[in-house]
Structure formats: C-alpha cells, structure tokens
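The values are calculated or read from the model by the stated rules, or taken from the named source; none is laboratory data. Note that the structure is predicted; figures quoted are calculated from it, not measured. All Cβ positions, glycine included, derive from the backbone under ideal geometry; neighbour counts span all protein chains shown. Side chains are part of the model used for accessible areas, which takes the heavy atoms of the whole protein and leaves out ligands, DNA and RNA. Shrake-Rupley method; radii C 1.70, N 1.55, O 1.52, S 1.80 Å.
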Amino acid sequence: MPVLDVQHIEKHFGSTRVLEDISFSLDQGQALAIIGSSGSGKTTLLRCLNFLEKPDQGTIAVNGSVIFDAADPDTQKESEVRKKRLHFGLVFQSFNLFPQYTALKNVTLAKELLAQERPDFKQNKKQILDEIEAEGRTLLEKMGLSERANHYPSQLSGGQQQRVAIARALALHPDILCFDEPTSALDPELTGEVLKVIRSLAEQKTTMIIVTHEMAFARDVADQVIFMDGGVIVEQGPARDVIERPKEERTRQFLSRYAQG
Amino acid sequence: MDKFLEALPVVVNALNEGFLQTLKLFAVTLVGALPLGLLIAFGSMSRLAPLARPVHWWFRRRNQKAAQAQQPERSPGRIARALIAFQPIRLLFRLVVWVIRGTPLMLQLLIIFYIPGYVLDGGSPWPSGDPGRFLAAAVAFIINYACYFSVIYRGGIEGVPVGQQEAGQVLGMTKGQIFRHVTLLQMIKRIVPPMSNEIITLVKDTSLARIISFQEVIWAGYAFLKGSHGISGLIWPLFFTGLYFLVFNGLLTLLFGWVEKKLSYFQ
C-alpha cells in the first residue's frame, strides 16, 4: 500500500486551469522529484497536498485512508484539515522561519503548542517541554547546526536557515516531507549544504517529494521523477529513466536546456 | 516678581490637578482603544462573503443544465461578480472608520455628550457633573482613537509576509495560535513608529475635551485668565501648560525608543 495516493487532482485559479488530472502514488521510504519549468503547476501541487490550496477535483489518500475528497465536504472541515496537514511537512523556497524566535524555538514551537492539547500537559509540563527541547536540539545537531541553536534567523546564512526549516518540518514527524524548490533562493555554494542534508534524509529512507530545478540531484537522489508541463504530468517513472532516457519529446526539450546550461 | 512668586504655587497646584485629569483621559483612552482598534482591524479585514457560495452554486447548476441541453456555459457577469465580492462585515467596519476619521474629534465629543440627552426620553444618560463629562470624553476618545489604531494595526498585520502564516498552517497551528505566536510580535515591531505618532498626538488631543468642560490642564491654565483660586488676569499659566505636555511626551518618546530597541533583536 502506498503512503500517498493522489488521484485526479484538478485545480483552477479563476478560469485558468493550473492542474489537470494529476495522479500518482508514492511508496514508503521513496523520494519523488517533481521537475518542470516555472508555471507548470509543481508548486501548486505541493500546496494542494499541504492544504494551502484546495483542489477542485480529486482525492488524496495517506496510508490508505482518504484525507481529502473534493466531492465530499466532510473531508474539508477546517478543524480536521489542521490535523490532516500534519501528515505532510513543507519546506518553503523562502524558508519562512519565524524571525522572532531562535533556531531552536523555530523547531520546537509547533510541537509545544500541540503538546498543550495533551490531557496530561499540565501535570507533566516540565518533562514534556524538556523532551521537546531535547528532540529539537538533536534535530539541529543532525542538520549540523548544534552551535547555532540560539541564533536568530537573521544571524544565519541562507543555507543554515533552510536547514533549520528542514529541522522544523521534521520535528512533527510527517509521513511525507515536501520541499518546494528548497535551494532556489540560495547561491551555489549554499545550495550544496542543503542538498547534502536532503540527500542524507533520502539515505535514511525519509518519504519525500522534492520540487526542484537541480536535475543532477533529482537523478541521483530521487527514486521517482515526475515531469510536469502546463498543469499536467507529461512523464513519470524511475528517476534515471525519465532524466537520462525521456520518452516524451516535451521532456527531452526541457532537459536539453539544462544539459546546455 | 513678588506677584509671580506668590501665584506660582497656586498655579502649579491647579495645573498639576488639571494634568492628572489629562493623564486619566489619556490612560483610559489607551486601555480602551488599543484592544478595540484590533477588533476593528479584524473586522475591516474580514473576508466573509455570504453571497459567494449561493451565486457560484447557482451558476454551477445552471451550467450543468446548459451542458445537458448542449447550450453554451455562462460565466458570472458584472452583477454576479459584485454579489460574489460583497463583504458586509468589511464594508461596515470600513464605513465606521471612514465616518470617524472623516469628522472632527471635537464634533464627536459634542455629539456624544449632548445628543443622547436630546433624543432619549429619560434625558442625558451621562452621570451629572465631572464624572459624566469624563465618561463622555472617554467614550468619544476611545472610539476615535480605536479607528486610527485599527488602520495602523491592519497595515502591521498585512505587512507580515503571508509565508509566515503559511508556515504556521503547515505546522498544524490554529488561526489563533498563528496570530498570537507568529504574527503578533512581528506586527508590533512594525507598528511601533506609527503608533508612537498617534499616541503622542493623543496626549495633546485630550485638551479638546475642554469643549465639554472637562477640566484638563489647558482648562486649568486658562481659568487663571478668567479668575480661579482668587487669581484672575494671568496669561502665563496657560502657556506654562505646554511644559507639562513637553515633559510627558519626552518621557513617551524615551519609552518608544526603548521598545524599538527591545524589538530590534529580530528582523
């Protein structure tokens, strides 16, 4: 059974159709790269998975249970959407760290707020918060940022900020971790350190969806690749096949531009 | 000179008393208008559009029927789009802000103090004497300043990048948690300079309340011209009141500078 099963997603902005009949599935421990030119709908697709946009059609199922069905308003209640979001983590292109909190607090904040809903929170407050903090420190250490735990985002480089953002997303243990062009706001030098982190997550079999323009990275790290154009999936398959031996003319055109560059 | 030294303690005593009234009105206005302004800000940002769903639904049904009958689809026209965009709460709050910001505070003071007495059967609802004047002035100032504050708040909230809210959403935070833990402090940082302007203006605007005989510091100073505490014909106490405003606003300026510095640890 796949972790994620997306069927026939369709999304309009006004009268513009940005996603059309998007279907794919993702197995536990796999990394999926979504490639395609700007405006092809990649980011919108990720945003639909994270409930930042509401698809007009289609279903999304996680671990076999349908968490979104465009035809069933019961699956779209705001109160439940909040919990359903936790199946997914999202790392943004522009990091979106909370500037008023330290790196550590950025990682732990959401977890602390969730913990407040636990019935035993009042009794074991100190212990719970200590555990959350310890876990936050461990995550930052994994990202190579243990020295930076008490720094504010403005005191960190772009690459460090993005690694904090990855730790923040991991803190909630999402079933599927999504990256929306995680290195597009970084210069080449900083790109490397972020890609290294994502690569190690892939090696640890983290289930991931990565929207990226880094073709070599997609080929080496992802198990599956989806190529999107004009809101539809043009081609999907094993990463090496799609990137090195694309079947579709449109995919070839797109990839040749990267080969030249 | 002797006459001046003789009058000085009497004048300072009276002005101190007047300035205490000034400060009282200032403090009560802040306590009321700061939260009320936030409420008005939320109201004027409301996206509630009760007609959007029915209109969309009507068009969808119409187009389904049209498709069955193999007739062309119709998209919403100008009237339908206006109905979809109709946001009554936002409209109402922005209307109130327009009226309050669009008319003089002095007029609002007069209306709030005198009009209820004319239109209500039981006469003026305000307590008689000084408490009534203070209450009426406080109500007028709170409403007036809440409207100004609301616009500053709105600017502050809208100035926080939408990505901050989205980051909170994908981390499973509720709307309230996002506002309290993510947006609020960033908003406060943004609004300190414009709020300091407005709050310093408020200190001086309190003197408008003398139009309904609220005995604030300028009223107390002016009284020595007409006759008060056995002294009359003195003009300098009136000008002397300026010192009170200047010193107090100097303290406020220091306070705002301190707050700005406190919040400069993040960007």
Which of B:98, B:219, B:58 moves most in a GNM of chain B, Cα contacts under 10 Å?
B:58
Would you calculate, for the protein assembly as shown, the mean residue ellipticity at 222 nm contributed by helices, counting each DSSP H stretch of 4 or more residues as -39,500 (n - 2.57) and dividing by all residues, to the nearest 500?
-18500 deg cm²/dmol
Considering only DSSP beta bridges with both partners in the protein assembly as shown, what is the antiparallel share in %, to the nearest 5?
60 percent
What is the calculated FRET efficiency for residue A:116 to residue B:197, with r their C-beta to C-beta distance and R₀ = 30 Å, to the nearest 0.05?
0.20
At residue A:83 and residue A:213, where each label point lies 7 Å from the Cα along Cα→Cβ, what is the point-to-point distance in nanometres?
4.0 nm
Give, in nm to one decimal, the length gained when the segment between residue B:180 and residue B:91 is fully stretched (0.36 nm per residue of separation minus the Cα-Cα distance).
29.5 nm
Cut-off 10 angstrom, C-alpha nodes, Gaussian network model of chain A. Which of A:161, A:30, A:204 fluctuates the most?
A:204
Local electrostatic count, residue B:67, Cβ distance below 13 Å [Lys/Arg +1, Asp/Glu -1]:
+4
Give the Cα extents of the protein assembly as shown along the principal axes, in whole Å, largest first.
103, 67, 53
Looks like the range A:37-142, by Cα gyration tensor root eigenvalues a ≥ b ≥ c and the a/c under 1.5 rounded cutoff (else prolate when a/b is bigger than b/c, oblate otherwise), is oblate
Given a 1.4 Å probe and no ligands, DNA or RNA in the count, how much accessible surface is buried by B and A, both sides, to the nearest 100 Å²?
2100 Å²
Calculate the spin-label point distance for residue B:106 paired with residue A:65, positioning each point 7 Å from the Cα along the beta-carbon direction, and give it in nanometres.
6.8 nm
With the contact rule set at Cα under 8 Å and sequence spacing of 6 or more, what percent relative contact order holds for chain A?
26 percent
Calculated diffusion of the range A:27-87, Stokes-Einstein form, Kirkwood radius summed over Cα pairs, 4 °C and 1.567 mPa s, µm²/s:
101 µm²/s
Note, residue A:244: beta-carbon cut-off 13 Å, +1 each Lys/Arg, -1 each Asp/Glu, net +2
Which of the three applies to the range A:98-173, rounded, prolate or oblate, going by the alpha-carbon gyration tensor with a ≥ b ≥ c and a/c under 1.5 meaning rounded?
prolate
Would you jot down the residues in the range A:162-209 that end up with at least 10 Å² less accessible area in the complete protein assembly than in the chain alone, with a 1.4 Å probe?
A:168, A:172
Give the angle, between 0 and 90 degrees and rounded to the nearest 10, that separates the Cα long axis of helix B:129-159 from the longest principal axis of the Cα atoms of chain B.
40 degrees
Extension gain residue B:31-residue B:58, at 0.36 nm per residue separation less the Cα-Cα distance, in nm?
5.0 nm
Sites residue A:15 and residue A:185 - FRET efficiency at Förster radius 25 Å, r taken between beta-carbons, to 0.05
0.20
For every other residue with a beta carbon closer than 12 angstrom to the beta carbon of residue A:99, add +1 if it is Lys or Arg and -1 if Asp or Glu, then tell me the sum.
+3
Dividing the mean separation of Cα pairs under 8 Å (6+ apart) by the residue count of chain B yields a relative contact order in percent of 26 percent
Crossing angle, helix B:105-119 versus chain B [Cα axis fit, 0-90 degrees, rounded to tens]:
90 degrees
Sequence gap at least 6, Cα distance under 8 Å: using those rules, report the relative contact order of the range A:98-173 to the nearest whole percent.
49 percent
May I ask you to give the percent of accessible area on the range A:98-173 that is carbon plus sulfur, with a probe radius of 1.4 Å?
46 percent
Cα shape, chain A, gyration tensor, a/c 1.5 rule:
oblate
How much accessible area per residue does the protein assembly as shown have, in Å², with a 1.4 Å probe?
51 Å²
What does the extension gain come out to for residue B:47 and residue B:251, with contour length at 0.36 nm per residue minus their alpha carbon separation?
69.4 nm
Between residue A:232 and residue A:155, what is the FRET efficiency for a Förster distance of 45 Å, r being their Cβ-Cβ separation, to the nearest 0.05?
0.55
Based on the Cα gyration tensor of chain B, what are the three equivalent ellipsoid semi-axes, each the root of five times an eigenvalue, rounded to whole Å and given largest first?
51, 25, 13
Using alpha-carbon positions, what is the distance between the centroids of the range B:170-190 and the range A:113-140, in Å?
20 Å
